[in-house]
Amino acid sequence: MPNSLDITALPLLDLSLLEGSCEQRQGFLDALRHAARDVGFFYLTGHGIDSALLQQVQVHARELFALPEAAKNAVGMIHSPHFRGYNRAASEITRGQPDLREQFDVGAEREALVLDENTPRWARLQGPNLWPVELPRLKPLLLEWQQAMTAMSLRLLRAFAQSLSLHEEAFDPLYGDKPNEHIKLIRYPGRAPGESRQGVGAHKDSGFLSFLLQDQQAGLQVEVEEGRWIDALPRENTLVVNIGELLELATNGYLRATVHRVQSPPVGSERLSIAFFLGAQLDAVVPLYPLPTALLREARGPASDPANPLLRDVGWNYLKGRLRSHPDVAQRFYADALLPKALSA
């Protein structure tokens, strides 16, 4: 493991090497393991996602945020028990402080489950998305991108399994036919000197893998050691990938879920980010995977915030994060789940 002081930029990995020679494939797997272990973040190229599709997603995201406030509020998250839809800036909370970003959340497009008094509260998370009628192309476009990203990310997750000397399909049972796919379109408005720069506060992602498509505006920062941040500057034709807490938990802390944040751009500019999060099925329970002895010696154990502990039950873990981040939606649809004892039921 390199000294953290030597890490000044994110590593760059080429997914297409998985289809190369035996030496190229093994080189990629080794680089993947080291990047995820030492930094927890990396740039990914050769991912196979059509550049025209990526460009269209960005174009339509800008069109969404340019809609009149009334149109955006009509698909506000406050109307969705599934935590889908639009949020104005300062609606989401990270570590008790408002995030100064405008955003639109999309999950897997599925029918809401039939619920009764015995259904776990996290089952309410499954359901349809909200779509603005003013942008009829947005739904098919984002669902197309979601499908492409899911296929690519599951391919990468299988590479992770191999890099850890696990069976290629070791993580597959966590996903089955209903992976927890989550898209977030994000716009960070410019901020004047003296104003809060918290585009999104310091945090770890709660799922397995996260992917970020950046525009040309800098802002993403990664904490490579306590108190030392490096910039994840935009790089053309790449996605930024980072490890989520559930993958850290599954590997006893061998893989690293790294704290990161976004600083707001300067006044007169804006930043557009398109995020895709791959999570396990809501009814899955994350096991501790049997790593080889040599890797276990380097496992640090998962780092859990006592105020926000990690749970191996995926549905409860995801619901806990949603309730903390969106207190207005939580109060409207989950008043019976806001007490700590409700989350342990």
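Any chance you could tell me what percent of the C-alpha pair distances in the range 200-288 go past 17 Å?
Considering the range 200-288, 53 percent of its Cα-Cα pairs are separated by more than 17 Å.
5 Å is the cut-off here: which amide hydrogens, built 1.01 Å from N in the peptide plane, fall below it relative to Ser264, excluding neighbours closer than 5 in sequence?
When sequence neighbours closer than 5 places are left aside, the close amide H contacts are Gln198, Gly199.
Which value, in debye to the nearest 20, describes the size of the charge dipole of the range 236-302 about its Cα centre when Lys and Arg Cβ atoms bear +1, Asp and Glu Cβ atoms bear -1, and nothing else is charged? Present the calculation step by step, with values, prior to reporting the outcome.
Values: 5 positive and 6 negative charges, 45 e Å.
Here the range 236-302 has a charge dipole of around 220 debye.
Quote to one decimal, in nm, the extra length available between Arg332 and His167 on full extension: 0.36 nm per residue of separation minus the C-alpha distance between them. List each step's numbers first, then the result.
On the way: separation 165, 0.36 × 165 = 59.40 nm, distance 4.35 nm.
Gain on extension, Arg332 to His167, equals 55.1 nm.
FRET efficiency for Gln216 and Glu144, Cβ-Cβ distance as r, R0 = 25 Å, nearest 0.05?
0.55
So what's the range 196-345 giving for Cα Rg divided by 2.2 N^0.38 Å, two decimals?
Working: Rg = 17.0 Å, N = 150, 2.2 N^0.38 = 14.8 Å.
This ratio for the range 196-345 stands at 1.15.
Before anything else, pin down the relative contact order of the chain: Cα pairs under 8 Å, at least 6 apart, normalised by residue count, whole percent.
Answer for the chain is 20 percent.
Can you work out the Karplus-derived ³J(HN,Hα) for every residue in the range 227-242? Use 6.51 cos²θ - 1.76 cosθ + 1.60 with θ = phi - 60°, whole Hz, and x for glycine or proline.
Couplings: x, 10, 10, 10, 7, 9, 5, x, 10, 4, 6, 10, 10, 8, 10, 9 Hz.
Hey, any idea what the orientation-averaged projected area of the convex hull of the range 12-343's Cα atoms comes to, in nm²?
That works out to 17.0 nm², a quarter of the Cα hull's surface.
With point charges of +1 on the Cβ of Lys and Arg and -1 on the Cβ of Asp and Glu, referenced to the Cα centre of the chain, which listed residue (Phe208, His326, Gly46) lies farthest in the positive direction of the dipole?
His326
For Ser51 and Ala9, compute 0.36 nm times the residue count separating them, minus their Cα-Cα distance, and round to one decimal in nm.
Going from the current span to full extension adds 12.7 nm.
If you take every DSSP beta bridge fully contained in the chain, what fraction is antiparallel? Give it as a percent rounded to 5.
90
Which of Ala218, Ala192, Ala74 moves the most in a Gaussian network model of the chain with Cα springs under 10 Å?
Highest fluctuation among the options: Ala192.
Of the options His79, Ala280, Leu291, report the single residue whose Cα projects farthest towards the positive end of the charge dipole of the chain (beta-carbon charges: Lys, Arg +1; Asp, Glu -1).
Positive-end residue among those listed: His79.
Once fully extended, how much extra length lies between Glu134 and Arg235, figured as 0.36 nm per residue of separation less the alpha-carbon to alpha-carbon distance?
33.2 nm
Please list, or write none, the aspartates and glutamates whose alpha carbon is within less than 14 Å of the alpha carbon of Lys139, excluding same-chain residues fewer than 8 places away.
Glu63, Asp105, Glu109
Among Asp205, Asp99, Asp116, which one shows the biggest mean-square fluctuation in a GNM of the chain, springs joining Cα atoms closer than 10 Å?
Asp116
What order do you get for Ser269, Ser91 when you list them from fewest to most C-beta neighbours inside 10 Å?
Going from sparsest to densest Cβ surroundings: Ser269, Ser91.
Which residues' amide hydrogens lie under 5 Å from the amide hydrogen of Tyr175, considering only partners 5 or more residues apart or on another chain, with H built in the peptide plane?
Gln281
Given H placed 1.01 Å from N in the peptide plane, which residues other than close sequence neighbours of Gly76 have an amide H under 5 Å from its amide H?
Tyr86
Could you go through the range 283-290 in sequence order and give the Karplus-derived ³J(HN,Hα) for each residue, using 6.51 cos²θ - 1.76 cosθ + 1.60 with θ = phi - 60°, rounded to whole Hz, and x for Gly and Pro?
8, 7, 10, 7, x, 9, 7, x
Kindly provide the helix-only [θ] at 222 nm of the chain, computed as the sum of -39,500 (n - 2.57) over DSSP H runs of four or more divided by all residues, to the nearest 500 deg cm²/dmol?
Numbers: 9 runs with 96 residues, N = 345.
Calculated mean residue ellipticity at 222 nm is -8500 deg cm²/dmol.
Among the lysines, select those whose C-alpha is under 21 Å from the C-alpha of Lys320, and discard any that sit fewer than 8 residues away in the same chain.
Lys178, Lys184, Lys204, Lys341
For the range 78-85, just list the computed ³J(HN,Hα) in residue order, Karplus coefficients 6.51, -1.76 and 1.60, θ = phi - 60°, integers in Hz, with x standing in for Gly and Pro.
4, 8, 10, x, 9, 6, 10, x
Roughly how big is the range 196-345's charge dipole about its Cα centre, with Cβ charges of +1 (Lys, Arg) and -1 (Asp, Glu), in debye to the nearest 20?
220
I'd like the distance between the alpha-carbon centres of the range 222-300 and the range 48-110, rounded to an integer number of Å.
21
All of the numbers you see were taken from the coordinates with simple rules; none came from a lab. This one's a predicted model, so the numbers in the text were calculated from it and none came from an experiment. All Cβ positions, glycine included, derive from the backbone under ideal geometry; neighbour counts span all protein chains shown.
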